[in-house]
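Peer 1: One structure is given below, represented as structure tokens, and several questions about it will come after.
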Amino acid sequence: MNLSRLFKHLLTPPWIAARRFGPALSAEIGAAVEVAEAGQRGEIRFVVEGPLPFVELWHGRSARQRAADLFGSLGVWDTEGNSGVLIYVQLVDRRVEVLADRGIAARVGQAEWDAICRSMEAAFKLGEYRGGALAAIHRAGELMTEHFPADKRNPNELPDQPVVI
């Protein structure tokens, strides 16, 4: 267990995510997800989390492992074409993870998703939460449109609004 990380999370107020990603930005993110999904069959979920739950810290779980847990619990894997993508922001650790379901992962390499993550982290480091988030959603939509273009049947299977924990 990393004591420095533990204390950083324990001392960060739980409302930090809601402060950085308030109602106005959350609405913009939801609208951006809706636009990004319009041209393709994939589904995007955007999750922002402040401090991790104590049990996650105690077990030394990484941002990637937490993202995988949320991928499952939010049902991102449960789309018709296995085409869900989770964009996970861990504010305290200053990490971003993008997880793609197997339908998307078979067509879009992890390097593309990692580039989105690093770009968001760089923007967030400069305090550009809005710009970083919206650019990431736009880029994810472009990748998914290229590899999973919309067809006649394009249901919206997951909520577009972000989850702020």
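Bear in mind these aren't lab numbers, they're just calculated from the coordinates by the rules spelled out. Predicted model only: the values in this text are computed from it and were never measured. No Cβ is skipped: glycine too gets one built from the backbone with ideal geometry, and neighbour counts run over all protein chains shown.
Peer 1: Relative to the present Cα-Cα distance, how much length would full extension add between Arg153 and Asp69 at 0.36 nm per residue of separation? Provide the component values of the computation, followed by the final result.
Peer 2: Working: separation 84, 0.36 × 84 = 30.24 nm, distance 2.91 nm.
Using 0.36 nm per residue and subtracting the Cα-Cα distance, I get 27.3 nm.
Peer 1: Using helices alone, I'd like the mean residue ellipticity at 222 nm for the chain: each DSSP H run of four-plus residues gives -39500 (n - 2.57), total over residue count, nearest 500. Present the calculation step by step, with values, prior to reporting the outcome.
Peer 2: Working: 8 runs with 85 residues, N = 165.
Computed mean residue ellipticity for the chain: -15500 deg cm²/dmol.
Peer 1: Where in the chain lies the longest segment free of trypsin sites (Lys or Arg not before Pro) that are both loop residues by DSSP (not H, G, I, E, B) and have at most 16 other Cβ atoms within 10 Å?
Peer 2: Values: sites that count: Arg61, Arg94, Arg107, Lys152, Arg153.
Between the exposed loop sites, the longest stretch runs 1-60.
Peer 1: Exactly which chymotrypsin sites (Phe, Trp or Tyr not before Pro) in the range 1-102 are in a DSSP loop and have at most 11 other Cβ atoms within 10 Å? Before the final figure, lay out the partial values.
Peer 2: Details: sites: Phe7, Trp15, Phe21, Phe46, Phe54, Trp58, Phe71, Trp77, Tyr88; in loops: Trp15, Phe21, Trp77.
Listed in order of number, the matching sites are Trp15.
Peer 1: Only helices at least 18 Å long along their axis, Cα-based, and averaging 0.0 or more on Kyte-Doolittle count here, so list those DSSP H runs from the chain.
Peer 2: Membrane-span-like by this rule: 23-38.
Peer 1: Additional query: Residue separation times 0.36 nm, minus the C-alpha to C-alpha distance between Phe7 and Asp78: what's the value? Display every interim value, and only then the final one.
Peer 2: Numbers: separation 71, 0.36 × 71 = 25.56 nm, distance 3.53 nm.
Difference between extended and current length: 22.0 nm.
Peer 1: Give the separation of the Cα centroids, the range 11-42 to the range 92-165, in Å.
Peer 2: 12
Peer 1: Sequence-distant or interchain residues sharing an amide H contact under 5 Å with Arg45, placed H: which?
Peer 2: Those qualifying (amide H under 5 Å, at least 5 residues apart or on another chain) are Val85, Leu86, Ile87.
Peer 1: Within the chain, which is the longest segment that contains none of the GluC sites (Glu not before Pro) sitting in a DSSP loop with at most 14 other Cβ atoms within 10 Å?
Peer 2: Numbers: sites that count: Glu80, Glu128.
Longest site-free region, per DSSP loop and neighbour criteria: 1-79.
Peer 1: Return a whole-number percent for the relative contact order of the range 3-149, with Cα pairs under 8 Å and 6 or more residues apart as the contact set.
Peer 2: Relative CO of the range 3-149 lands at 28 percent.
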